1. Consider region 152-195. How many of its residues are touching a Lys or Arg at 6+ places or on another chain (Cβ under 6 Å) and exposed (fewer than 15 other Cβ atoms within 10 Å of the Cβ)?
2. What about GLY227, is it small (Gly, Ala, Ser), surrounded by fewer than 16 Cβ atoms within 10 Å (Cβ to Cβ) and out of contact with any helix residue (DSSP H, G or I) (no Cβ under 8 Å at 6 or more places or on another chain)?
3. Please state which one of GLU142, GLU205 is in contact with a helix residue (DSSP H, G or I) (Cβ under 9 Å, 6 or more places away or on another chain), surrounded by fewer than 16 Cβ atoms within 10 Å (Cβ to Cβ) and touching a residue at least 12 places away in the same chain (Cβ under 8 Å).
4. Which residues, counting only those in region 215-239, are in a strand (DSSP E or B) and either under 20 Å from the mean Cα position of the chain (by Cα) or at pLDDT 90 or above (or both)?
5. Between residues in region 105-133 that are farther than 17 Å from GLY182 by Cβ and assigned by TED's automatic domain parsing to the domain that holds TRP158 and residues that are among the acidic types (Asp, Glu) and outside any loop (DSSP other than H, G, I, E, B), which pairs lie under 7 Å by C-beta distance while being six or more apart or on different chains?
6. Considering each residue of region 87-144, count those that are of a type in the set (Gly, Ala, Ser) and under 14 Å from LEU68 (Cα atoms), and give that number.
7. Among the numbered criteria (1) buried (at least 19 other Cβ atoms within 10 Å of the Cβ); (2) β-branched (Val, Ile, Thr); (3) touching a residue at least 60 places away in the same chain (Cβ under 8 Å), which one does ILE88 miss?
8. Looking at region 141-156, can you tell me whether even one residue there is modelled with pLDDT of 90 or more, polar (S, T, N, Q) and part of a strand (DSSP E or B)?
Amino acid sequence: MLDALNGTLVWGQVFEDGVGDALIYNDKNNQSKKELIACGNDGTLRAFNGSNGQLLWFKRYSDKLRCLAYLDSIKGPLILCGGDDNKIHCIQINNQREIKTLDFNNYVWKCYSYPQQKFNKIIISSYSFIFFKNTVPLQSLEFTSKLIALNEKLEVLWDLININVEFLDVIEMCNKLFILAGTTKGEVLIIDELTGKIIHRVKNEILTNMVQFHLKQRLILSCHNDGGIFAYKLEDIID
């Protein structure tokens, strides 16, 4: 943890096999209480006191954890984490009890909660490595990975299959929220966050590493595995 004013080290903790993901949790009932929650490549999930780094609680899972996110659910504040055990674990922060587990066919790769301030919805993507050393052309592969959306009741709002997501974000346009995704097949997807409907799909033959949204310029930029960068005007995408 670094001092926000001068960048000096306040405290540090070691994850022997590396950190998969981390976030800062603020207790709504006690704004001065901050916790740093992190997951590790060793399958551990750990919560630390934000002020002094004291270990508050600890859980261990069977395989590497790659992602975690906060969800303000009807059951109280939750941490959702997942990774190479092909599961999402839904854990109550107050008592560290796992209240639900969701199974996937592939690694759980990314999870992203939204909208800002509320954090009562979450997007989760799984990831397949089937394209590694596969002789079938990339565009012909049928992925078993998917993208799903959950609400504050941990209900599945929608899911999209055969999508291997490399980059994931939630953006606001025209006073509405959209999911912005870049895929292994080189696509850039704009998805209605309420319905899961793909409202626009830009196709490229090369894996999409990153997608960036620039509101003032009304541009979407995509970066690809061959070093290519493409720009799209929003007027050409959404009316």
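The values are calculated or read from the model by the stated rules, or taken from the named source; none is laboratory data. Predicted model, so just to flag it, every value in this text is computed and none were measured. We place every Cβ from the backbone using ideal geometry, glycine too, and count neighbours over all the protein chains shown.
1. Qualifying residue count for the region: 2.
2. Working: small (Gly, Ala, Ser): yes; surrounded by fewer than 16 Cβ atoms within 10 Å (Cβ to Cβ): yes; out of contact with any helix residue (DSSP H, G or I) (no Cβ under 8 Å at 6 or more places or on another chain): yes.
Criteria met by GLY227.
3. Working: GLU142 fails: in contact with a helix residue (DSSP H, G or I) (Cβ under 9 Å, 6 or more places away or on another chain).
From the options GLU142, GLU205, the qualifying one is GLU205.
4. Within region 215-239, the subset in a strand (DSSP E or B) is 219-224, 229-233.
Matches in region 215-239: ILE220, LEU221, SER222, CYS223, HIS224, ILE229, PHE230, ALA231.
5. LYS118/ASP72; PHE119/ASP72; ASN120/ASP72
6. Step one: list which residues in region 87-144 are of a type in the set (Gly, Ala, Ser), which gives 113, 125-126, 128, 140.
Going one step further and asking which of them are under 14 Å from LEU68 (Cα atoms), we end up with 113, 125-126.
Total satisfying the criteria: 3.
7. (3)
8. There is no residue in region 141-156 that is modelled with pLDDT of 90 or more, polar (S, T, N, Q) and part of a strand (DSSP E or B).
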